[in-house]
Amino acid sequence: MAEKDVERTIEALLEERRTFDPPAEFAAQANLNDAAVYTQAEKDADAWWAAEAEHLDWFEPWETVLEWTPPHHKWFIGGKLNAAHNCLDRHLDQNGDRVAYHWIGEPGETRTITYSDLHTEVCRLANVLNDLGVRKGDRVAIYLPMIPELPAAMLACARIGAPHSVVFGGFSAESLRDRINDAECKVLITADGGYRRGQVVPLKQNADEAVAGCPSIDHVLVVKRTNEDVAWTDGRDLDYGELVAAAGADFPAHPMDAEDMLYILYTSGTTGKPKGIVHTTGGYMTGVSSTHRNIFDLKPETDVYWCAADIGWVTGHSYIVYGPLANGATSILYEGAPDFPDKDRWWSIVEEYGVTILYTAPTAIRTFMKWGTDYPGKHDLSSLRLLGTVGEPINPEAWVWYQEFIGGGKTPVVDTWWQTETGAIMITPLPGITKLKPGSGTTPYPGTFADVVDEQGNSVGRGGGGYLVLKRPAPAMFRTIFGDDQRYRDTYFAKYGNETYFPGDGAKLDEDGYFWLLGRVDDVMNVAGHRISTYEVESALVDHKGVAEAAVVGRKDPREGESIVAFVTPKASVDGNDELMRDLREHVARVIGKIARPQSIVFTDDLPKTRSGKIMRRLLRDVAEGRELGDVTTLQNAPILDEIRTKAEGLTGGDE
Ligand code: 7RM
């Protein structure tokens, strides 16, 4: 489709579909289609969560659903279960031959892994780990590419009761070392290398560099993925494939207390060392399986589900591994980049495997928009029946594009708000019930209590804006920060007291009580006394036909408090010139108001993003204010900052 036809289509759809109800046929077959779930769960949240927990297999029943001693909370007290048993063993009788993962390597090879295959691999690996001295409570670090051995390693740990700490394969040796040391991991599971955009990522080399500074590591188990030559430390390094092949295929799943630790996952705060987010077993498994089944409307017999995140992030933990496997889903596991060998790789996978549910991030959607509709247009995507998004606010234009050009104009799109800390989705539509509004996460999941409050903690009410808070714990929420409970209290409960969890995000409530998530509160600007979120200005900018992507920051301004600086990536065929600059300022004035007009606009080919695709505005703020750059270790595209800085030089010079 020609670029201007796409523009016209989107414009028309935005007008026509400000809201829309679940399609009747979708609602009729949906796992949840009666709005009474909301009122029931609100009346008796414990009963709702208990019913959701009943979907799991428990070795011993719980006595108490929730014990809340703010800011701490425990769930399903006395209950015993095992996460790996719930993800594997309980499916074997009926569905051992069902595919758990269709794995697709970036270079093109494939593997089909049934529940029974995965069970065998996990039991063998649990025996290997056990022989290496890994016991319940010991921590195991995992640094692997997106290969089937990654979920297998997580589940082998879960089977033993040894918390895993997965470190994303794109992280450096230094990041890996810090994370291993913080959790004092005993064993590291890694690979010789992984593939990304046709290149080999030298995982073993990074691991060697890291482990040199990790006194707690006894052994390094190495999966041979690329079969390239790697350095080998005899005695410490062990061949994963050889040991697993030789190990026994039986290993009992250890009964874990509901509150035993399942895993640690590190998330970087804005400053300081990363926080080890601690998730436990019973509540987490309840939350992820419930949300996965209900929000993605999973039909395990027929759906082919694809969450295109990396397992190294919480999205992958909850919605590639634990949620889908607990529900007996068939998933796609793709190792590589979306543009390898070409920009239609995802769409050829959707077509070939008949993917029915796709879950991805706004940054990916905006990239696909930038690449144009020819790539998805070449493929039959009619198998898709539900789309999801997570990770950042999605601008309405991207939402509508996603639904139209990927979802064929018919699929519900679920915009799901949650965090590493919350473990599972918290604010989201239910696709068989909720009227959708592009750009809104809509309402809290049943059994979840959210509000928007002002600086003092008073509800702002419908039509107001302020800070998002959660008023009651949900079972999948984290329990603490590993080794630093004081930081747990200080970061999340100091602002509004121990009963109110403060996620750090800004939000608005509209007249229907819908939540509009505005991103991190550090990303809210104060322009001449008005609170304007960077997201609102960005959304207005990308709404312009010449713009592919935009990031906005506030720069300290002696007169106005903050003045708005926009970093804008024009679409491929568009020139970032003075005329476009004038046009954009007018456009923002028209869409939001004069007050939100960027004072300066810097055109750039790319924006600084974290490895999970979130725009790092804090670094752009450093650039805009002419400061030295803060921590750049989680950045995926560091060189772009030099380029942006050169272009932005005039900005800071002017006022000084
Ligand atoms: C799952 C994940 C959490 C932060 C969160 C928000 C932002 C996530 C949405 C969103 C608007 C959404 N975990 N965020 N989802 N903002 N709408 N649907 O991303 O720990 O890596 O990040 O991401 O700011 O606090 S995370």
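May I ask you to derive the FRET efficiency for R18 and D642 from their Cβ-Cβ distance with R0 = 51 Å, giving the value to the nearest 0.05? That gives a FRET efficiency of 0.75. Considering only T422, T411, C185, and ranking their Cα positions along the charge dipole of the chain that arises from unit charges at the beta-carbon of Lys, Arg, Asp and Glu, the one farthest toward the positive end is T422.
Here the calculated FRET efficiency for K571 and E54, from their Cβ-Cβ distance with R0 = 45 Å, stands at 0.35, rounded to the nearest 0.05.
For region 66-149, applying the loop criterion from DSSP together with a ceiling of 14 other beta carbons within 10 Å to the GluC sites (Glu not before Pro) yields E109.
In terms of Cα atoms, the Rg and Dmax of region 443-502 work out to 12.5, 41 Å. Of all DSSP beta bridges in the chain, what percent run antiparallel (nearest 5)? Roughly 60 percent of the DSSP beta bridges within the chain come out antiparallel. Each of E649 and D374 was given a label point 7 Å from its Cα along the Cα-to-Cβ line. The distance between the two points is 3.7 nm. Sorted from longest to shortest, the spans of the Cα atoms of region 96-153 along the three principal axes equal 36, 26, 15 Å.
Determine, at each q value in 0.11, 0.14, 0.19 (inverse angstroms), the log₁₀ of I(q)/I(0) that the Debye formula gives when each Cα of region 309-454 is one equal point scatterer. Values returned for q = 0.11, 0.14, 0.19 Å⁻¹ are -0.41, -0.68, -1.29.
For region 567-656, the set of trypsin sites (Lys or Arg not before Pro) satisfying both a DSSP loop assignment and a count of at most 14 other C-beta atoms within 10 Å is given as R627.
Normalised by residue count, region 401-494 yields a Cα convex hull volume of 128 Å³ per residue.
Compared with the direct C-alpha span, the chain from S172 to Q486 gains 110.2 nm at full extension, assuming 0.36 nm per residue.
For D510 and A528, the difference between the fully extended length at 0.36 nm per residue and the C-alpha to C-alpha distance is 4.1 nm. Between I592 and R197, residue separation times 0.36 nm minus the direct Cα-Cα distance comes to 138.3 nm. Once Rg and the Kirkwood radius are both taken over the C-alpha atoms of region 534-656, their ratio Rg/Rh works out to 0.94. When you filter the trypsin sites (Lys or Arg not before Pro) in region 175-216 for DSSP loop state and at most 16 other Cβ atoms inside 10 Å of their Cβ, you are left with R197. The alpha carbon convex hull volume per residue for region 503-596 rounds to 115 Å³. Here the simple spin-label model places points 7 Å from the Cα toward Cβ, and for K410 and E455 these points are separated by 5.2 nm.
Distances over 19 Å make up what percent of all Cα-Cα pairs in region 32-107? The calculated P(r) of region 32-107 puts 57 percent of pairs beyond 19 Å. With semi-axes defined as the square roots of five times the eigenvalues of the C-alpha gyration tensor, the equivalent ellipsoid of region 305-372 measures 21, 14, 10 Å, largest first.
If you look at the Cα atoms of region 355-434, you get an Rg and a Dmax of 12.7, 39 Å. Computed from point charges on the beta carbon alone (+1 for Lys and Arg, -1 for Asp and Glu), the dipole magnitude for the chain about its Cα centre is near 800 Debye. What percentage of all Cα-Cα pairs in region 205-326 are separated by more than 25 Å? Considering region 205-326, 49 percent of its Cα-Cα pairs are separated by more than 25 Å. Rg/Rh, computed from the Cα trace of the chain with Rh as the Kirkwood radius, has the value 0.95. Applying the Kirkwood pairwise sum to the alpha-carbon positions of region 1-156 produces a hydrodynamic radius of 20.7 angstrom.
Taking the Kirkwood radius as Rh and the Cα radius of gyration as Rg, region 117-235 has a ratio of Rg/Rh equal to 0.94. Taking the longest Cα principal axis of the chain as reference, the axis of helix 282-295 is set at about 50 degrees. The order of the peptides 628-636, 520-528 by mean Cβ neighbours within 10 Å, most packed first, is 520-528, 628-636.
Bear in mind that the values in this text are calculations on the coordinates, not laboratory data. Keep in mind the model is a prediction, meaning the values are calculated, not measured. Cβ coordinates were reconstructed from backbone atoms using ideal geometry, including for glycine residues, and neighbour counts include every protein chain displayed.
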